[in-house]
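The structure under discussion appears below in the form of structure tokens.
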Amino acid sequence: MPQNRNRARSPWAALTVLALAMLVIGLDTMVLTVALPSLARELGASTTALQWITTAYPLALGALMIPMGALGDRIGRVRVLSLALLGFGAASALCAFAGSTELLVAGRVLLGVCAAAAMPLSMGVLPTLFPDKAARERAMGVWMASSAAGMPLGPILGGVLLQHFWWGSVFLINVPIAVVAAVAVHRMIPESKAERPAGLDVIGVVTCVAGFGALVWAFTEAGASGWTSGRFLVLLGVAVAALALFGWRELTAERPLVRLTLLRRKGFLAGTVLASATMLLLASSVFQLAQVFSVLFQADSLGIGLRLLPVIAGLIVGARGGPVLVRRFGRRAVAAGSIGLLALTFAVQAAFPEGPLAVYTVTTVLLGLGLGGVMPLVMSLAMGDLDADDAGAGSALMQSIRQISSALGVAVFGSVVTAAYGERLGVVGLPGPLERLARDNPVVGVPAVRAADPGAIDGVLAAYAHGLAVGAVVGLVLSVVVLALCRLIPAESGDERDEAERGAAAARPA
């Protein structure tokens, strides 16, 4: 059993604090997007510098989650989580007042380091707060909804702040929230740590950081410069070699950083695979939807965020209704139904890629419903299969794989849409420079075509819609594959179903 300082007096109040912390971290993944033009103007940031400012955060996040999760297991999850939140606030202040692109990149790296500790450990303390399965599953839904809410809320908040303040305000808003969350976590959540913590495996840490970091970087590079670029191939080779060495080390070390044998547990394996596959579909969907609202419907950053709000509405409904449906129909059926909603989302978008807007409003709701139904279920399934000693590192392993899946989803879908769009764009007859701009950056290029050659805009939009349709078909196929993977979910026994029924009351906050 984990070592506990004391039992939380109000688990749901403690969960509220964790949700606030995850909302701040979720906001930071998207809020920067609206500030990039201001950074280019006021800091003189080049395109390469903007790419590094954007990439530094997910790179550090993906590379360090497993070591940070293991550190929390070793010295105390609440202690490390509190320090990580304080560090997140300090790094946000550094970013807000950075006077150069180099300092801003350094601040973004520090944000990623702190988030790498906060994300797995905020999930790792949930089994301590909610030992009952039904209550834990509902808590997972709240945790996930708080993190996912940052995707649409980030551009909205960023757009409002930039209308009244300088670009640093999008980072400065994090500081008071992170500090309050850190203090509340320390005071409200009982400490827990592993009785048999992982060893200080230096080789494991180095190969883990190098492998996961290179893999995130490789997929990010693939989305920017293509799957055959030299940099992508080199990074992929480094990632494969480092991860192979990491796997060998963890399987043979006497006290590994993380026990990869966890993947032999049916619940953890099924939960990790399905959570990662769902994250791939989610990341690609949100990435494409943001561009769709800009290109097809001429929405600004604030408008994009507002149009993504139905995702949150669907997610809340799905997360609240999912546990009820699980008690009635079982985990496997609910997971399959939720993935089916994601498949329906892609099917509708493939059939009506040009809209109207109502089509995309409906699909964003379906996306949220499907995500809210499946993600808490599979994450709770994975966490419920972990021993107390493995809660931090196991959560970090699952979330590292989810982070890789997110980067892969954006890269794959971005490449597919760009290739199909570019093929049709070539027959529109635009001048060379304008065609390259429209192909490489539709968000900037399509408005440029609208201004320079209004007669060609219908052809450009039709080409873009074709690319979206092809991407949606790929998403539909992948959704069907994920649907088949629902068979990995272990069948529930009658005792487990009875336990879920008895836990229904515990799943309701007082």
| note | When restricted to R79, R74, the only residue among the basic types (K, R), closer than 19 Å to A19 by Cα and surrounded by fewer than 24 Cβ atoms within 10 Å (Cβ to Cβ) is R79
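Table: residues versus (1) modelled with pLDDT under 85; (2) of a type outside the set (G, A, S).
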position	(1), (2)
G159	yes, no
Q163	yes, yes
L172	no, yes
E191	yes, yes
T220	yes, yes
S225	yes, no
T228	yes, yes
L236	no, yes
A241	no, no
| Any idea which of G445, G426, G414 is out of contact with any Leu (no Cβ under 7 Å at 6 or more places or on another chain), free of Cβ contacts under 8 Å to residues at least 40 places away in the same chain and small (G, A, S)? | G426
| message | I want to confirm something. Restricting to region 82-110 and keeping residues that are of a type in the set (A, V, I, L, M) and over 30 Å from G44 (Cβ atoms), which single residue is surrounded by the most Cβ atoms within 10 Å (Cβ to Cβ)? | response | L85
| task | Return yes or no: is A98 free of Cβ contacts under 8 Å to residues at least 40 places away in the same chain and farther than 18 Å from L377 by Cα? | result | no
| task | Restrict the check to region 433-452 and report whether at least one residue is under 29 Å from the mean Cα position of the chain (by Cα), at pLDDT below 85 and not in a helix (DSSP H, G or I). | result | yes
| task | With respect to R320, determine if the residue is closer than 19 Å to A148 by Cβ, basic (K, R), surrounded by fewer than 24 Cβ atoms within 10 Å (Cβ to Cβ) and at pLDDT 80 or above. | result | no
| Residue in region 162-172 that is assigned by TED's automatic domain parsing to the domain that holds S395, aliphatic (A, V, I, L, M) and either under 29 Å from P442 (Cβ atoms) or surrounded by 19 or more Cβ atoms within 10 Å (Cβ to Cβ) (or both) present | yes
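Out of region 336-395, which residues are polar (S, T, N, Q) and surrounded by fewer than 18 Cβ atoms within 10 Å (Cβ to Cβ)?
T361
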| request: Spot the failing condition for L153; the list is (1) touching a residue at least 60 places away in the same chain (Cβ under 8 Å); (2) more than 22 Å from V410 (Cβ to Cβ); (3) in a helix (DSSP H, G or I), and only one is missed. | output: (2)
| remark: Exactly one of G445, G459, G471 is of a type outside the set (A, V, I, L, M), touching a helix residue (DSSP H, G or I) at 6+ places or on another chain (Cβ under 9 Å) and in the same structural domain as Q298 (by TED's automatic domain parsing), and that one is G471
| remark: Only one of G373, G368, G432 is touching a residue at least 12 places away in the same chain (Cβ under 8 Å) and more than 23 Å from F293 (Cα to Cα), namely G373
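The values are calculated or read from the model by the stated rules, or taken from the named source; none is laboratory data. In this text the structure is predicted, and so the values were computed from the model without any measurement. Cβ atoms come from the backbone with ideal geometry, glycine included; neighbour counts cover every protein chain shown.
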